[in-house]
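Visitor: Below you will find the structure I want to go over with you.
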Amino acid sequence: MEIMLIAVVSPVIRCEWQLQNWQVALVTTMVFFGYMVSSVIFGVLADRYGRWKILFFSFIWGGYFSLLTSFSPSYIWFVFLRTMVGCGVSGHAQGLIIKTEFLPTKYRGYMLPLSQVFWLTGSLLIIGLASVINPTIGWRWLVRVAALPGIILILVFKFIPESARYNVSCGNEKAALATLQWIAKMNRSVMPEGKLVEPVDQKRGRLKDLMNPKYLRTTLQIWIIWLTISFAYYGVILASAELLEKNLVCSTEGGTVKEETGDTFEGIRSPCFCHLFAPSDYQIMFISTVGEIALNPLNILGINFLGRRLSLTITLGCTAVFLLLLNICTSNVGLIGFLFMLRAFVAANFNTIYIYTAEVYPTPMRALGLGISGSLCRIGAMTAPFIAQVLMNASFLGALCLFASVCVVGAISAFTLPIETKGRALQQMK
């Protein structure tokens, strides 16, 4: 909800503060700048002090600054406060690590992609709420409503356990055993006999471990893939909003290309291209966002039967193809179809790389590996707004070709990854 919020609020703040294209793009860029900086810090701290503490702190941080955003008196304050929200959201990835470290090997490829259902739910919810709240009581109330789920979650954090793998890796067998006993009791099961035995690794969360010859090539290629996927994912989201906001729907009537003016379009034209979303625009965003779950069953099958590398190669290649297809002059239905498939492929990309990154690194450096990857991928997310919201207005085909080319580079990097994690147990020691 917090990430998708930018796409549905951008047209409104553009009108309210009379912003130009680069100023709207800067909002998203600064959100991901905050994410990039804090993701590394949270990754290091999570490997040293625990996943649960960082996850809890990040939700408090994100919820606090999200609420403050709704009281922004100016554009500058809005940018600053959303940057702080980006810092908080970066810590949420520790939830995926906790889940990864609890799941048995044979279930990870099935259970982790199902997280996409909840990401999708949040995206659809914010689009639906925006269609009602933005035209009536305004974007500030939309921001407040979007912050509520995170605040509610803080109240039930006691039900989220610390990773037992993490506790074992830092020598806290007593806490790990208590967690496992709690799980056994909840499942009306019994603990197996014996003791938890695992060598303790005192050197955790060190950047130089990622550069170790054993992981160097994997790390560099993972970084390229993360940057590619983030660039494409947020590019597609922002480009979708841009196509709708500027009403750049290509029509083939009479064999000519025209820009639909749309008599039902609600909004005021101004030198800074100020337009508000019409109800039909929210509907198109809603339908295309559903695409994020459309390929989830196939993505799960691909991850488990083709493997992480080949599955990622295929979805990145398809992303490049459908980005280029956006340049075809088509009807509203055709545009929805292309956007639907694009959202499906970019979501599948994120599904697979999250799983692969969490699986390929051992426990003492897993949070750092995911944190650094998440941080560097925000370079792609920070660049995407200027391509989707600035360059796209100058050269539509040029922007699409750039997005597609980057996806091809990512597909090649995925295909040549040196390690396949399908069926591989999580590594405890470096």
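The values are calculated or read from the model by the stated rules, or taken from the named source; none is laboratory data. Because the structure is a prediction, the values reported are computed rather than measured. Note: ideal-geometry Cβ built from the backbone for every residue, glycine included; neighbour counts use all protein chains shown. Accessible surface areas use protein heavy atoms only, side chains included; no ligands, DNA or RNA. Shrake-Rupley method; radii C 1.70, N 1.55, O 1.52, S 1.80 Å.
Visitor: For ILE287, only one of the following conditions fails: (1) in contact (Cβ under 8 Å) with a residue 12 or more places away in the chain; (2) open to solvent by less than 60 Å² (accessible area, probe 1.4 Å). What is its number?
Guide: (2)
One line per residue, one yes/no per condition, for (1) closer than 25 Å to ILE60 by Cα; (2) open to solvent by 60 Å² or more (accessible area, probe 1.4 Å); (3) in a loop (DSSP other than H, G, I, E, B):
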| site | (1), (2), (3) |
| --- | --- |
| VAL145 | yes, no, no |
| ILE154 | yes, no, no |
| LYS174 | no, yes, no |
| THR179 | yes, no, no |
| ARG188 | no, yes, yes |
| ASP209 | no, no, no |
| PRO213 | no, yes, yes |
| GLN221 | no, no, no |
| LEU238 | no, no, no |
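Visitor: Out of GLY410, GLY369, I need the residue that is under 29 Å from SER240 (Cβ atoms) and within 17 Å of the chain's Cα centre (by Cα). Which one?
Guide: The unique qualifying residue is GLY410.
Visitor: I would also like to ask the following. Of VAL44, VAL27, which residue is more than 30 Å from MET365 (Cβ to Cβ) and assigned to a helix (DSSP H, G or I)? Write out each step before concluding.
Guide: Numbers: VAL44 fails: more than 30 Å from MET365 (Cβ to Cβ).
After ruling out the rest, the residue left standing is VAL27.
Residue by residue, here is whether (1) assigned by the TED database to the domain that holds ILE3; (2) open to solvent by 60 Å² or more (accessible area, probe 1.4 Å); (3) farther than 19 Å from PRO161 by Cβ; (4) in a helix (DSSP H, G or I) holds:
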{"residue": "PHE71", "(1), (2), (3), (4)": "yes, yes, yes, no"}
{"residue": "TRP77", "(1), (2), (3), (4)": "yes, yes, yes, yes"}
{"residue": "LEU81", "(1), (2), (3), (4)": "yes, no, yes, yes"}
{"residue": "CYS87", "(1), (2), (3), (4)": "yes, no, yes, yes"}
{"residue": "SER90", "(1), (2), (3), (4)": "yes, no, yes, yes"}
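Visitor: Looking for whichever is touching a Leu at 6+ places or on another chain (Cβ under 8 Å), of a type outside the set (A, V, I, L, M) and within 30 Å of THR363 (Cα to Cα) here; the options are GLY95, GLY109, GLY171. Which one fits? Before the answer, list the steps.
Guide: On the way: GLY109 fails: touching a Leu at 6+ places or on another chain (Cβ under 8 Å); GLY171 fails: touching a Leu at 6+ places or on another chain (Cβ under 8 Å).
Among GLY95, GLY109, GLY171, only GLY95 is touching a Leu at 6+ places or on another chain (Cβ under 8 Å), of a type outside the set (A, V, I, L, M) and within 30 Å of THR363 (Cα to Cα).
Visitor: Among the residues of region 156-166 satisfying the criterion of being free of Cβ contacts under 8 Å to residues at least 60 places away in the same chain and not in a loop (DSSP other than H, G, I, E, B), which is nearest to TYR49 (Cα to Cα)? It would help to see each step written out before you state the result.
Guide: Just the residues of region 156-166 that are free of Cβ contacts under 8 Å to residues at least 60 places away in the same chain, to begin with: 156, 158-159.
Narrowing further to those that are not in a loop (DSSP other than H, G, I, E, B): 158-159.
Details: LYS158: 17, PHE159: 19 Å.
Filtering first and then ranking leaves LYS158.
Visitor: Across region 2-24, which residue is most open to solvent (accessible area, probe 1.4 Å) among those that are part of a helix (DSSP H, G or I) and of a type in the set (D, E, K, R)?
Guide: Going through the qualifying residues, I end up with GLU16.
Visitor: Only residues that are in contact with a Leu (Cβ under 7 Å, 6 or more places away or on another chain) and of a type in the set (D, E, K, R): list them for region 283-341, please.
Guide: GLU292, ARG309 - these are the residues of region 283-341 that are in contact with a Leu (Cβ under 7 Å, 6 or more places away or on another chain) and of a type in the set (D, E, K, R).
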